[in-house]
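Sending over a structure as structure tokens; questions will come in a sec.
The values are calculated or read from the model by the stated rules, or taken from the named source; none is laboratory data. What you see is a predicted model, and the numbers here were worked out from it, not measured in a lab. Cβ placement follows ideal geometry from the backbone for every residue including glycine, while neighbour counts extend to all protein chains displayed. SASA here: full protein model, heavy atoms, side chains in, ligands and nucleic acids out. Shrake-Rupley method; radii C 1.70, N 1.55, O 1.52, S 1.80 Å.
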Amino acid sequence: MSRQVHFNFGKKLNRRTVLRSTAGVGMAIPWLSAMQKAFAGSEEQKPPKRFVAMTLGLGLHAENLNPEKAGFDYKPSRYLEKLQDIRDKYTVVSGTSHPEVSGGHRAEASLLSATPMGKGAQARTTISIDQLLAKHMGHHTRFPSLVLSSSGNNSPSYTENGSMIPAESSPARLFMQLFVNDSPEEQAKQLHRARQGKSIMDLVAEDAKSLSRELGAGDRDRLASYFNSVRELEKRMVEAEQWAHLPKPKVDTKKPIDISNPNDFIGRQRLMNDMIRLALSTDSTRFVSYHLGGSGGVVPIQGVDEGYHSLSHHGRDEEKLEQLALIETAIIHAWADFVRGLDGIQEEEGSLLENTSILLTSNLGNASSHDNRNMPVLFAGGGFKHGQHLAFDQKRNYPLPNLYLSVLQQSGLEVDQFATSTGTMRGLDVG
């Protein structure tokens with residue numbers, strides 16, 4: 001069922017509006033949804049590009065997911081049989097992985113960064129694809145990105161310095177953040193925090209500048225990188241202050257009720273998918289990561305009576321594999337319904353799906369043996385030509401970071417490499 005979305009900004013914003021600091025420095029505000037009608041001839045009128053990464057903690061059984069035949073005329077696998085109506089909306093990719101990434105479950109941290117985790121004191125990764133997009137393009141929306149999970153706060157979203165961004169697991173809290181306007185008192189607190197933060201950054205930057213005069217060339221280079229980080233943080237603080245003044249979009253959807261059963265994996269997935277669709281359709285954000293970690297308990301699906309995590313370690317036991325297939329089929333169908341939902345929302349140029357790249361993957365190609373090779377990959381939307389099975393070598397895997405580079409370039413970032421990419425993904429063309 002389609003939902004109407006209403007904006008109530010009161011008046012159109014002037015694109016020449018400038019935010020000024022107490023020192024007199026001016027900074028133009030980013031393009032906002034409230035400016036849309038006033039600037040119909042601007043370049044920003046093109047539908048924005050979006051990216052959603054959905055990551056699974058317990059993989060997908062390859063024999064039930066990947067078709068036997070490559071190309072466009074493949075016969076759908078067990079998991080894909082009921083996705084025929086959207087066959088030309090997504091691509092199945094097999095035989096890919098992140099080069100040099102290993103560690104079983106630990107490789108969750110590398111899912112979206114495609115870089116190996118270090119060990120001990122060096123146990124950190126680098127920036128994830130969603131956060132790279134948010135860094136360069138996230139200022140156009142109230143939330144530069146959303147980092148979500150089905151349970152807990154772990155996520156595969158990382159900043160440049162390797163810090164994990166904690167995930168939000170409550171659809172109800174997310175709804176409040178997206179669509180319920182803060183009280184005047186809370187708005188004042190937000191503005192105070194933003195202004196206080198900018199003041200602190202000003203002090204830090206001045207101290208660092210004084211320090212640089214006493215350092216050698218190598219340290220000055222490192223300090224220059226630090227300056228860039230400071231300026232980036234200042235920029236985000238200015239944007240946070242600007243958004244605090246603007247009302248949130250109104251939707252004719254009630255606040256959801258969180259699912260209390262921690263084992264209702266599919267119910268939680270579908271509920272969070274609804275929130276992601278609302279966030280994208282209201283242009284509250286354009287970049288989302290959603291981590292579906294593995295529930296240890298029994299998923300409430302008829303025919304399943306053993307814990308999901310235990311079933312993923314099936315050891316090729318036929319009964320366990322059959323129960324696991326019931327769970328994973330439901331996961332794929334929920335993902336497909338999300339794809340269908342975006343395809344049903346029309347923009348000025350195409351559907352929301354055509355302008356949103358949607359990735360479903362996992363760090364485990366074989367959860368039973370904790371193998372990080374041959375990662376499961378379904379990839380939809382984004383303006384790419386779909387409807388095929390891209391089958392790469394199962395023994396000498398093709399770099400999955402190549403797909404990430406394709407997404408980055410299609411999103412408008414002028415980059416020629418991401419992590420261990422060797423180019424854009426072979427066989428994946430723009431439609």
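So how do 295-301, 264-270 stack up, highest first, on mean other-Cβ count within 10 Å? Present the calculation step by step, with values, prior to reporting the outcome.
Values: 295-301: 16.4, 264-270: 20.3.
Highest-to-lowest ranking by the protection proxy: 264-270, 295-301.
To continue, here is another question. For each pair in Lys46/Lys82; Lys255/Lys320; Lys46/Lys89; Lys49/Lys254; Lys69/Lys89, compute the distance between the two Cα atoms and list the pairs where it is over 29 Å.
Working: Lys46/Lys82 33 Å; Lys255/Lys320 37 Å; Lys46/Lys89 21 Å; Lys49/Lys254 27 Å; Lys69/Lys89 18 Å.
The answer is Lys46/Lys82; Lys255/Lys320.
Please calculate how many Å² of accessible area segment 262-366 carries per residue, with a 1.4 Å probe and no DNA, RNA or ligand atoms counted. Mind showing how you got there, number by number?
Numbers: 3430 Å² over 105 residues.
Result: 33 Å² per residue.
Tell me which residues come under 5 Å, amide H to amide H, from Phe384 once H is placed; ignore anything under 5 positions away on its chain.
Gly431
Can I ask one more? Hey, can you grab everything whose amide H is under 5 Å from the amide H of Tyr290? Only 5+ residues off in sequence or another chain; H modelled, so Pro and N-termini drop out.
Ala53, Met54, Thr55, Leu148
On to the next question. On the accessible surface of segment 124-163, probed at 1.4 Å, how many percent belong to carbon and sulfur atoms?
46
Okay, moving on. Can you send over the carbon and sulfur percentage of the accessible area for segment 258-404, probe radius 1.4 Å, protein chains only? The partial results should precede the final answer.
Working: 2300 of 5100 Å².
For segment 258-404, the apolar C and S fraction of the accessible surface comes to 45 percent.
Excluding ligands and nucleic acids, what accessible area in Å² is computed for Leu413 using a 1.4 Å probe, to the nearest 10?
20
Extending each Cα 7 Å along its Cβ direction at His313 and Glu63, get the distance between those two points in nm, one decimal.
About 2.0 nm, to one decimal.
Under a plain spin-label model, where a point goes 7 Å from the Cα along Cα-to-Cβ, how far apart in nm are Glu306 and Glu160?
Rounded to a tenth, the inter-label distance reads 4.8 nm.
Among 64-71, 333-340, 283-290, how do they line up from the highest to the lowest mean number of other beta-carbon atoms within 10 Å?
Top of the packing list down: 283-290, 333-340, 64-71.
Once phi is turned into θ = phi - 60°, what whole-Hz ³J(HN,Hα) does the Karplus curve with 6.51, -1.76 and 1.60 give for every residue of segment 322-337, x standing for Gly and Pro?
Per residue, the Karplus-derived 3J(HN,Hα) values read 5, 5, 4, 4, 5, 5, 5, 4, 5, 4, 5, 5, 5, 4, 5, 5 Hz.
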